[in-house]
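Read-outs throughout are calculated quantities, based only on the coordinates presented, and are distinct from any laboratory measurement. Predicted, not measured: the structure shown is a model, and the values here were computed from it. Backbone-built Cβ (ideal geometry, glycine too); neighbour counts: all protein chains shown.
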Amino acid sequence: MGRADTTARLGWVIGGVVAATLPHLSHLPPWVPLLLGVCVLWRLGAATRGWRVPPGWARIGLAFVCFLGVLATYGTINGLHPGSALLVVMMALKLLETRRPRDLVVLLLIAYFLVFAGFLDNQSLPWGVYLLGVAWLTTAALQQATRARAPLPAREALALSGRLLAGALPVMLILFLLFPRLPGPLWGFDASTSSATTGLSEEMSPGDITELALSEELAFRARFGERPPGNAELYWRALVLDAFDGRTWTRSRPRSQMPLQAEQVDAGGRRIDYDVIIEPHGRHWVFALDVPVAAAGAEVVQAADLRLATVRPVNERRTLTLTSDLAAAADRNLALRDREHFLALPDDANPRSRALARALRADGLDDEGVIQALLGRFREEPFYYTLLPPPLGRHPVDEFLFDTREGFCEHYASAFATLMRAAGIPARVVLGYQGGELNPISGYHVIRQSDAHAWTEVWLQGRGWVRVDPVAAVAPYRVSDGLMGALRAGEARAARSVQAMQWRRQATRVWDAANTWWNTRVVGYDDASQRRLLEGLGIEGEHARALVTLLAVGLAGSLLVLALVLARGLRPAQRDPVVIAWQRLCARLARRGLPRLPGETPRAFAERVAAARPELGARTRTLAALYQQLRYEPDTDAGLRRRFLLEAGRFLPYRWSRAAQ
Amino acid sequence: MSGKLAAAPATSPETARPRADHALTAAAILEALDGIILGKPHELRLALACLLARGHLLIEDLPGVGKTTLAHALARVLGLKFQRIQFTSDLLPADILGVSVYRPEGGRFEFQPGPVFAQLVLADEINRATPKTQSALLEAMEEQQVTADGTTHALPTPFFVVATRNPTEQTGTFALPESQLDRFLMQIRLGYPDPAQERALLTGTDRRSLISQQPAIIDPETLLALQDAVPQVHVSDALLDYLQALIAHSRESRDYVAGLSPRGGLGLLRAAQAWALLHGHRGVHPDDLQAVLPAVVAHRLVPRAGLGGDDAGPARGLLEAVGVP
């Protein structure tokens, strides 16, 4: 093996090792990649410049120090991240003592393991694509490192390993589809890694939602059946805030934790079934259309304020099947004591607002009249819907209503609910998302953080809780067209980025559809999906057994096909009857415990047979001599050929050989 | 040894059949040789096959095991003009090839042929000479001619060199480079005789006088005819498959530093054909190929360090690894 060859092999292996380490950079302590870099350079220097690598005792010492380093960094060596760090460290040190191909193979096996760990860490589509590429590269490196002859040029090496992986594809698919799955997510075992941004918060004060308005991050997806409701009906309820201190709306406990009583909801007859796929947010919130009436599975509970909540925090992407009744009425018979709870206002805040509400009441308007009058006020007076509201002082509702008149949804919801309560109408604020974008490619609605919204619910005698969205009065397009439609012209900074967002939104629809497919069909493929697949194949009940059978049959089948393809490529079809007769003869002798060795000539084989079984000796010798004559000598006559075929056919017939056993 | 590997089986049916007397002639030659060199029938056949394939023979062994006797006996039995050149460290190329001598009577230089101008040349202990001298002999072997002072002098035919070398562990030797080793078709070892043969050797007539009494069995013309018959021996496609598989394995395997060269492969085929001729086969059998392979690859395949110490190692590994079709 030449030195250039050795260096080329080493280069491939280092490529694989580095590529497998890259996905872990974000969580590795900086000294680990640094160590790897130093070891890579050192090893390359050793290969090309003849640098000396550290002696054995130094490597052992270094390994111990690095182990302690990992232990000190993480406090443990258990878990995904410490484990990956340890693997990278081991790889770096192993690199320093690679001499034989076997050492390179060890390195590449660690690289494969890191690829696997990388996928446990993050299962998103781009990550998956990258890791697949790394697996390809690593396979090419493995092929180069263990190759008997000189390494191939890069393109050929990648093509060869590509063919190898393609050959493994059927087996991979069968294992993916049919290997029995455990209920529950396989990937989400490490909660600490998936605590994502939460989006909404548990309380609301002016300015909270504004921060979300520019975030393109995905909140959740939803899929309806045949006819999805219009955008104006897509109010995704997450939280209900019923306590107000003059500035901040919060949830009152324990009232908000109480479970829903069945008699609270009266069916309205517009039931709609849909799935929501919630991105991990680390809380219990579920996003459901008003009024949620049912959820499949025991995962989800419903509180008295109608919101749904999961039993376990949503730490991994979760799909829930929900039913809502868009026309249902809630709390028609609200107890007097409860009404008072929804009327509570602090005495020392927002005096002008309360005066306004009392003035309206004094005009003799009923509840509906008051609501219409206030909505009209929002519509007719110069209120602006803006992402850049001016800061508010001690009486935020007063200042917003009478001075600044510029605000975002939380300003309007807060102000409207305050006015309602001041006017003696029970009111509360609902936090959630409004709208969503239908991706025509995947058929899913995509709801982003920028769709976060706050609105108001008022309680009316005989009707129960009624949703009133004051933003719809000020900027009706916010509700029908989403945020873009509602923004006031001239909001330079915000608008520019919103425009860019709009453009990007179009461009990323395909990407989102691919992600949806990946998340639901690949990462989200679980025991339930497996059961559905089997039912699609007409296999009901007892599905574990069917799975194992299908798995075995599928694997055996695909391996058989692969073997046939390979065998055809390796060996040209043998058609000469003389050769076939000879091979059968050898097979019969092999069953008698006398297999022909690969490098044995027919004559040598016959001699060995004669030595072991003298009674077969003469005939075997004759047949071998005839065979060699027929096969290796020119223009042998047809008689000889016939004689050989006849004799070979009679030699050790099956009946005889069984009798001899 | 000219022509391509694939050209060998493309012979017409008339020439493909070796004449029966070829085998008989060969048998007579071998019988005579067996009478002189005791207990080495295989080595004798290899040497003869080597000669018939128009190759040159390298014998690597300790002094006194009968290398010279073998060469001398061959020359005697085949009726060849024999010359022995003892290689020493001060031997010069001109000592082998010849020199131009000034003839005062003619007033001009005249080429005085050296000892290489013989039909069978025994180059004894070739690795004692300097590389320059070694290379002079090997070039003459390869080109079948000697060029001195711009004039080319053809060497006689048939021309066969038997070179001997001491195992390189011995002091005072210059190892032959691999490129020059490749010019020898075969390398064999004679080894010590077994006790019975040793006894016969000790009690029997002196080999030297045996050789001197031995009449020539054939004349050089018959030998040339035999040599011409070798490339005509039939080679089947199955055998070519086997040969190519052997060559390919030698190149792909990790056991060898380098694989067989195309010249090595062609030599293997010719040697196998000569062996088949000697044994009266109408076509080359895998046994023929297997019989000559160890001698043909012995000096060509260098096992990778740490693998197989003995001489038969690389050849045996190769034969065991490649299946006979």
Across the protein assembly as shown, qualifying lysine pairs (alpha carbons under 30 Å, at least 8 places apart or different chains) come out at 5
If the label point sits 7 Å along Cα→Cβ of A:His341, residues of segment A:217-250 with amide N under 15 Å come out as A:240-244, A:250
Across the alpha-carbon set of chain B, Rg over Rh with Rh taken as the Kirkwood radius works out to 0.97
Placing each pseudo-label 7 Å from Cα in the direction of the beta carbon, B:Glu221 and A:Ala625 end up separated by a distance in nanometres of 3.6 nm
Expressed in Å to one decimal, the Kirkwood Rh of segment B:208-325 from all distinct alpha-carbon pairs is 15.6 Å
The Cα radius of gyration of segment A:3-147, divided by 2.2 N^0.38 Å with N its residue count, comes to 1.02
Summed over the other residues with a beta carbon less than 10 angstrom from that of B:Val230, with K and R at +1 and D and E at -1, the charge totals +1
So the angle from the long Cα axis of helix A:602-612 to the longest Cα principal axis of chain A, reported in degrees to the nearest 10, equals 80 degrees
In the neighbourhood of B:Leu52 defined by beta carbon distances under 11 Å, the net charge of the other residues (Lys, Arg +1; Asp, Glu -1) is +2
Answer check: the protein assembly as shown, Cα atoms, Kirkwood Rh, Rg/Rh ratio of 1.24
Projected onto their principal axes, the Cα atoms of segment A:577-659 stretch, largest extent first, over whole-Å spans of 37, 27, 20
With label points set 7 Å from each Cα along the Cα-to-Cβ direction at A:Ala4 and A:Leu646, the distance between them in nm comes to 6.3 nm
Nearest-0.05 FRET efficiency for A:Ala159 and A:Arg270 at R0 = 51 Å, using Cβ-Cβ distance, is 0.30
The simple spin-label model distance between A:Val301 and B:Gln145, using points 7 Å out along Cα→Cβ, in nm, is 10.7 nm
Full extension between A:Phe179 and A:Leu44 adds, at 0.36 nm per residue less the Cα distance, a length in nm of 44.4 nm
Burial-style ranking of B:60-70, A:276-286, A:416-426, average other-beta-carbon count within 10 Å with highest first, yields A:416-426, A:276-286, B:60-70
Here Rg/Rh (Cα, Kirkwood) for segment A:1-57 equals 1.03
At 10 °C in a medium of viscosity 1.306 mPa s, segment A:210-509 has a Stokes-Einstein diffusion coefficient, with Rh taken as the Kirkwood radius over alpha carbon pairs, in µm² per second, of 80 µm²/s
Here the alpha-carbon Rg of segment B:129-238 over 2.2 N^0.38 Å rounds to 1.45
Whole-Å distance linking the alpha carbon centroid of segment B:74-153 with that of segment A:47-111 is 64 Å
Rounded to 0.05, the calculated FRET efficiency for the beta carbons of A:Arg394 and A:Val510 at R₀ = 51 Å is 0.55
Given B:201-209, A:234-242, the highest-first ranking by average Cβ count within 10 Å works out to A:234-242, B:201-209
In Å, the Kirkwood hydrodynamic radius from C-alpha pairs for segment A:240-285 sits at 14.4 Å
Taking every other residue with Cβ under 13 Å from the Cβ of A:Trp582 and scoring Lys and Arg +1, Asp and Glu -1, one gets +3
For chain A, longest principal axis from Cα atoms; helix A:409-422 axis from its Cα atoms; angle between them, nearest 10 degrees, is 40 degrees
Per residue of B:276-287, other chain Cβ atoms within 10 Å number on average 4
Taking a label point 7 Å from the Cα of A:Glu203 along Cα-to-Cβ, the residues of segment A:224-253 whose backbone nitrogen sits under 20 Å from it are A:238-253
In degrees rounded to 10, the 0-90 angle between helix B:312-321 Cα long axis and the longest Cα principal axis of chain B is 30 degrees
Plugging the Cβ-Cβ distance of A:Tyr525 and A:Glu381 into 1/(1 + (r/R0)^6) at R0 = 56 Å yields, to the nearest 0.05, a FRET efficiency of 0.55
